[in-house]
Structure formats: C-alpha cells, structure tokens
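*Asks:* Got a structure for you, questions after.
The values are calculated or read from the model by the stated rules, or taken from the named source; none is laboratory data. Bear in mind that the values here come from a model prediction, so they are computed numbers and not experimental data. Cβ: placed from backbone, ideal geometry, glycine included. Neighbour counts: every protein chain shown. SASA here: full protein model, heavy atoms, side chains in, ligands and nucleic acids out. Shrake-Rupley method; radii C 1.70, N 1.55, O 1.52, S 1.80 Å.
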Amino acid sequence: MKPDRNEQAELNDFNRRDFLKSSSISTLMMMMGGVALRADDKPAATATPSIDEEKHTGAPVNCGVIGCGLWGREIANTLARLPNAPIVALCDTYPGYVRRTKEAAPKAQGYDDYRKVLDDKEVQAVFVATPSYTHKEIVLAALQAGKHVYCEAPLANTLEDARAIAQAAKNSPKLNFQPGLQLRSDPHRHFLVQFLRAGAMGRPVRVRAQWNKKQSWRRTWPDAAREKELNWRLSSKTSLGLVGELGVHQLDVVNWFLSGRPLSVTGFGSLIQWNDGRDVPDTVQAIFEYPGGVQCGYESTLANSFDSDYEMFYGTDSAVMLRGNKAWMFKEVDAPLLGWEVYARKDEFFKETGIALVANATKLVAQGNKPVEEAPYTNTPLSYALEAFIANSGTLAGDVEDFKSNFGDSDPKALREYLANLSKKKVVSAGYEQGFEATVIAIKANEAITTGQRITFQKEWFDI
C-alpha cells in the first residue's frame, strides 16, 4: 500500500540523512580547518580504542511491534533486516497501518489491541512505538506479561508515569528493558566519547545543539476524531514539544559526553509559523547549566530548515561537531599535539590547517590531498539499538534459565547478583536509568519553555 500524500511528506521529512549524502559538508568543514573524525576507522598511532562493529547474533527472539505509525514501520523494517528478530505480531488501532507494516512482516499476526499481543505466547519481546503519553499502561502490562520491552523515548510525558516505567523495569531483572535512546548504541558516538574523554577537546567550555526542519507536524485525516488522535504532538496535554519529543535524544548525548546532568534549565518558546490552533510552540530555546560553569544551548524550530541538526562541543583545545554519522574537530592554535597529527593529512585552506583523522588506518602512510567525503550510513543508530536489544534479550533469557537450572528460582537477590556479574556480556545500549534521566530532563526543559522560567533540577526527581 502506498503512503498517502500527507504520509509521503512525512517520509520525506523523516529521511534526515539526506543532508549527509553530499560531500560538500565535508569540504566546508575542511575549509574551516576541520579534522574529520571517523568512527568507521581506527585512528592510526593513537591510544583511542577500536570500535567493535561485529554483528551480534544469537538465538531468535520473536517480536511484536505495538504502534504501526511512521516510526513503528521504521522499527519493523529495521527488524526485518536482522537475522534473529522475526516479527510475529503487529498492533495498531488503525487496521490500515497494520496492513501497511505487514509489507515488512507478511507472516505476522495483526491485532487492534495491545493486550492481544501480550496474550500471544509466541511473542517474546515488544517494541512500544505509540505516542509517549500512552507508554506507561502498555509497558507495565508488557513487563507483567513477561515480555522484554523496547520503549521509545521519551518514556512518558509526566514524571509520575516515567518513574512508574523505570521502577517496573528495575523490578523485572529477568526481562530486558531498553529505552529508545538509539544514539547510545551507535559505535560512532562511543568512538567520540572515548576520543573526547582522552582529552582531545581540553576542558569543556560550552555545548550547542539544534534541530531545524520546516514542517507543520500536523497530520490530516477525513475523520475528525482520528485526526485529533494523530496530532497528539500539537497538544500540551499529551506532548513534550520539540525539546521532549525530538531534543531528548540530542540532550541525552550531551549528558553522556559531559558525564553528568544539568543543574538548571531556562526556556523560551513561541508560535511563529504554525498558528493553527495548537498550543505547543513551533520554535524553542533552552539553556542548560552544568557543573563547572559549562552551558548547553538547545534550539529547535519548525519554521526554518537551515543548518538542519547537529551537536557542537566547545573545549579549550578544540571544538567538535557531530552531524549524523560524521564528526569534525577544529583545533585551537595553542592546542597540544595528540600524536596522530604526525601521520594525518594536512589540508591548507586560507590561514587554517585541517588535520585529517582517518580512523582505522592500518599503515602510517601519507594520505592524499582529497577531502574526506561523506559516507552514507551502513547501519543506522536504530539498527544498532535494535540489534543490541535483540542480542541482550536472548542472552538475558539464557542466563536466567542457567541460574534457575543451577540454583532454583527462590532467591531474587542472588539472581540479581548473578546477572550483574554477567553484565560485561551485554551489548552496549541504554538502560532504564538513562531512559528515566533523559525523560526527566526533557519534561523539565519543556516546562521551562512553556513557562519561560528557570527551573533548578532537584535530586529527588531522579530517584527511582
């Protein structure tokens, strides 16, 4: 079934990676004195660890996708490409979405009620891709039913619901719970975390992140009730707005890279382009204050597409830009040598010198003068995240069975300790703690934006 006109527009908007396919961005960054940082290669003559991108396969885990809208279909399409993630159930309240998603999973059983998916004994894991305000009921029921759960971020739109989800995940050690913070599973980000924490940036000074895309966020439908349901993101009663529904991912990367969470947030929001009855701002700004005087500015607008989306980290020795699956480093003239510059390509542009860091170079040889071109995603952050979820769900199930076979099933504390000792086997991914923290920050940032106030984060907000 072909997407309707409205969905085709969203599909075009959805493909944010189009921006990365042109080599012009790399050329521009090099002209600014940028050093290309590439996670798909291993830095030559550096102490930076290599990135393990091997496929993590194991026993098949039967999957059910709950919510077959645009993102639910993207999840289904990604799962369909994994060798050990058969989709056996699809669920949406709108039958047309189920039929469309069956293109990726033609053998899956279709349902119109998530409870039927949870009653299906064949389903071992569920992917919750419904509106964020509906997550709590579904996730709690799924964990109660003994299903592994992948829940999209943010976890919920209220602190109470998010905490309930995190507590349920914490109290279910036999089950794998993973929030949809997909960038936490991206090898490129792990490469950069190691690189920056090794001191390449110097002391952190400030951070800037943005997401700009001229689009309305509005969906049209012949039936008024269905249209209202589809446009949940436009109502402050059900949506966390731009900073929560989109910014949650970028802000989580900031917390991760800075190894901490913000002390306070001040926000601003306005309706400029889409005055169509919504009460969610289409243009927002949030200023986060971190320990040590570091500030992060987040901006997002639905009124202009210029400069798309990226994160910029400023340090005393260099600045680093993250854009999609690429990054560039811009060194200060007084920055110390890191070692690998001796072997890297030097590109002269005006009065700046761009030093090319080509990761995974296996020979210390002089490189050519051709600027590093953009590389398309070979695997998306979503594919890495889902691969990790499937692998960890299968491994956890096996470890639980091993424990029961050897020690019985009467000592929950011993089980937790046993599983904790095996945690190194886990494929890297976000856990319920990171999902809850990111959601709390998103909720309070949205509150600061809608009220125009400065909010100081309280320690107890993050208690689970």
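*Asks:* Among the residues of the stretch 205-221 satisfying the criterion of being at pLDDT below 95 and more than 18 Å from T301 (Cα to Cα), which is most open to solvent (accessible area, probe 1.4 Å)?
*Replies:* Within the stretch 205-221, the match that is most open to solvent (accessible area, probe 1.4 Å) is T220.
*Asks:* Of the residues that make up the stretch 241-252, is at least one open to solvent by 50 Å² or more (accessible area, probe 1.4 Å), out of contact with any strand residue (DSSP E or B) (no Cβ under 6 Å at 6 or more places or on another chain) and either in contact (Cβ under 8 Å) with a residue 12 or more places away in the chain or over 20 Å from S300 (Cβ atoms) (or both)?
*Replies:* Within the stretch 241-252, none of the residues are open to solvent by 50 Å² or more (accessible area, probe 1.4 Å), out of contact with any strand residue (DSSP E or B) (no Cβ under 6 Å at 6 or more places or on another chain) and either in contact (Cβ under 8 Å) with a residue 12 or more places away in the chain or over 20 Å from S300 (Cβ atoms) (or both).
*Asks:* So, one more: I want to confirm something. Restricting to the stretch 254-283 and keeping residues that are within 18 Å of M312 (Cα to Cα) and of a type in the set (A, V, I, L, M), which single residue is least open to solvent (accessible area, probe 1.4 Å)?
*Replies:* Ranking the candidates gives V254 first.
*Asks:* Just name the residue that is least open to solvent (accessible area, probe 1.4 Å) out of those in the stretch 131-187 that are within 28 Å of P412 (Cα to Cα) and basic (K, R).
*Replies:* K147
*Asks:* Here are V440, V427: which of them is assigned to a loop (DSSP other than H, G, I, E, B) and either within 25 Å of the chain's Cα centre (by Cα) or closer than 12 Å to L159 by Cα (or both)?
*Replies:* From the options V440, V427, the qualifying one is V427.
*Asks:* In the stretch 59-98, which residues are among the charged types (D, E, K, R) and within 17 Å of Y111 (Cβ to Cβ)?
*Replies:* R73, D92, listed by residue number.
*Asks:* Something else about it: Please work out if V427 is modelled with pLDDT under 95 and open to solvent by less than 20 Å² (accessible area, probe 1.4 Å).
*Replies:* No.
*Asks:* While we're looking at this one, here's another question. Residue under question is T101, and the condition is that it be of a type in the set (S, T, Y) and surrounded by fewer than 24 Cβ atoms within 10 Å (Cβ to Cβ); does it hold?
*Replies:* no
*Asks:* In addition: So for the stretch 249-271 (the condition being within 24 Å of L183 (Cα to Cα), at pLDDT 95 or above and part of a strand (DSSP E or B)), does at least one residue qualify?
*Replies:* Looking through the stretch 249-271, at least one residue is within 24 Å of L183 (Cα to Cα), at pLDDT 95 or above and part of a strand (DSSP E or B).
Conditions tested, residue by residue: (1) at pLDDT below 95; (2) surrounded by fewer than 21 Cβ atoms within 10 Å (Cβ to Cβ); (3) touching a Phe, Trp or Tyr at 6+ places or on another chain (Cβ under 6 Å).
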| position | (1), (2), (3) |
| --- | --- |
| Y290 | no, yes, no |
| T301 | no, no, no |
| W328 | yes, no, no |
| V342 | yes, yes, no |
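*Asks:* In the stretch 218-227, is there at least one residue being more than 28 Å from A420 (Cβ to Cβ), touching a helix residue (DSSP H, G or I) at 6+ places or on another chain (Cβ under 9 Å) and among the aromatic types (F, W, Y)?
*Replies:* Scanning the stretch 218-227, I find at least one residue that is more than 28 Å from A420 (Cβ to Cβ), touching a helix residue (DSSP H, G or I) at 6+ places or on another chain (Cβ under 9 Å) and among the aromatic types (F, W, Y), so the answer is yes.
*Asks:* So, one more: Just to check your reading of the model, which residue among A448, A420, A414 is at pLDDT 95 or above and either part of a strand (DSSP E or B) or open to solvent by less than 90 Å² (accessible area, probe 1.4 Å) (or both)?
*Replies:* None of the other options fit; the residue is A448.
*Asks:* Sticking with this one: V61: assigned to a loop (DSSP other than H, G, I, E, B), crowded, with 21+ Cβ neighbours inside 10 Å and modelled with pLDDT of 95 or more, yes or no?
*Replies:* yes
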